[in-house]
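J.: There's a structure below that I have some questions on.
The values are calculated or read from the model by the stated rules, or taken from the named source; none is laboratory data. Keep in mind the model is a prediction, meaning the values are calculated, not measured. Positions of Cβ are generated from backbone atoms using ideal geometry, with glycine treated the same way; all protein chains shown enter the neighbour counts. Surface areas here come from the heavy atoms of the whole protein model, side chains and all, with no ligands, DNA or RNA. Shrake-Rupley method; radii C 1.70, N 1.55, O 1.52, S 1.80 Å.
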Amino acid sequence: MNETWQLIETTMNENPTPIRNENVRYEFNLTGDNPSVKQLILENGKARISDDTTTKADCKLTLSSKDFMKLLVGDLNSTTAFMFGKLKVDGSIGLSLKLEGLLKEYRF
């Protein structure tokens, strides 16, 4: 799973245009086979993955690591996942929808 997080950070930083105006902190609480808690920090056109979750996230997402991988590649719609209980959102639901749009700008 660490390779996936590194890929997200690298890919976003290689093409910062979609995130250039973002200033948001997402926290992912992944459950299941590869549990982990990470934050994706988007600031000033830079993406950073952090293990430090002491800073409050603007939007926390809880889902299985399997569903997270589906979300990354565009095989899981966040609205549908939320409605069926596969995705729990704490904080701004609008930010979670925005994240899905941002992820579609990249090929993971």
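J.: Rounded to the nearest 5, what is the percent of antiparallel bridges among the DSSP beta bridges in the chain?
T.: 75
J.: Pick out which of GLY91, GLY32, GLY74 has the largest mean-square fluctuation in a Gaussian network model of the chain, springs linking Cα atoms closer than 10 Å.
T.: In this elastic network of the chain, the residue with the biggest mean-square fluctuation among GLY91, GLY32, GLY74 is GLY32.
J.: Give, in nm to one decimal, the length gained when the segment between PHE108 and GLU14 is fully stretched (0.36 nm per residue of separation minus the Cα-Cα distance).
T.: Full extension from PHE108 to GLU14 adds 32.6 nm.
J.: Carbon-plus-sulfur fraction of the accessible area of the chain, 1.4 Å probe, in percent?
T.: 47
J.: In Å², and per residue, what accessible area does the chain have when probed at 1.4 Å with the other protein chains present?
T.: Values: 6210 Å² over 108 residues.
So the chain comes to 58 Å² accessible per residue, rounded to a whole number.
J.: Follow-up. Which value, in debye to the nearest 20, gives the size of the charge dipole of the chain about its Cα centre, when Lys and Arg are +1 and Asp and Glu are -1 at the Cβ?
T.: Computed charge dipole of the chain: roughly 220 debye.
J.: Compute the helix-to-body angle for 2-14: its Cα long axis versus the longest principal axis of the chain, expressed 0 to 90° and rounded to tens.
T.: Tilt of helix 2-14: around 40 degrees.
J.: Follow-up question, since we're still on this one. Given LEU87, PRO35, ALA47, which one lies farthest toward the positive end of the charge dipole of the chain, if we put +1 on the Cβ of every Lys and Arg and -1 on the Cβ of every Asp and Glu?
T.: So the residue we want is LEU87.
J.: Tell me, what is the 1.4 Å probe accessible area of ILE19, in Å² to the nearest 10?
T.: In the full protein context, ILE19 sits at about 0 Å².
J.: Of the chain, which part is the longest with no trypsin sites (Lys or Arg not before Pro) in a loop (DSSP not H, G, I, E, B) and with at most 14 other C-beta atoms within 10 angstrom?
T.: 57-106
J.: Based on Cβ point charges of +1 for Lys and Arg and -1 for Asp and Glu, what charge dipole magnitude is obtained for the range 1-57 about its Cα centre, in debye rounded to the nearest 20?
T.: 240
J.: Mind checking the range 23-108 for GluC sites (Glu not before Pro) that DSSP puts in a loop (not H, G, I, E or B) and that have at most 15 other Cβ atoms within 10 Å? Don't jump to the answer; show the numbers that get you there.
T.: On the way: sites: GLU27, GLU43, GLU100, GLU105; in loops: GLU105.
Qualifying residues, ordered by number: GLU105.
J.: If I take every Cα pair under 8 Å that is 6 or more residues apart in the range 1-41, average their sequence separation and divide by the length, what percent do I get for the relative contact order?
T.: 29
J.: Where in the range 27-107 are there chymotrypsin sites (Phe, Trp or Tyr not before Pro) that are in a DSSP coil and have at most 14 other Cβ atoms within 10 angstrom of their Cβ?
T.: Numbers: sites: PHE28, PHE68, PHE82, PHE84, TYR106; in loops: PHE84, TYR106.
Hits after loop and neighbour filter: PHE84.
J.: Per DSSP H run of n ≥ 4, the term is -39500 (n - 2.57); total these for the chain, divide by its residue number, and report the mean residue ellipticity at 222 nm rounded to 500 deg cm²/dmol.
T.: Working: 4 runs with 40 residues, N = 108.
For the chain, the value works out to -11000 deg cm²/dmol.
J.: How much net charge surrounds MET12 when only the other residues with a Cβ under 13 Å from the Cβ of MET12 are counted, with Lys and Arg +1 and Asp and Glu -1?
T.: 0
J.: OK, next. Take the Cα pairs of the chain, get the Kirkwood Rh, then feed it into Stokes-Einstein at 37 °C and 0.692 mPa s and tell me D in µm²/s.
T.: On the way: Rh = 13.7 Å.
Answer from the Stokes-Einstein relation: 239 µm²/s.
J.: Given all pairs of different Cα atoms, what value in angstroms does the Kirkwood hydrodynamic radius of the range 52-108 take?
T.: The answer is 11.7 Å.
J.: Taking the Cα-to-Cβ direction at SER36 and at MET83 and moving 7 Å from each Cα, how far apart do the two end points lie in nm?
T.: 3.1
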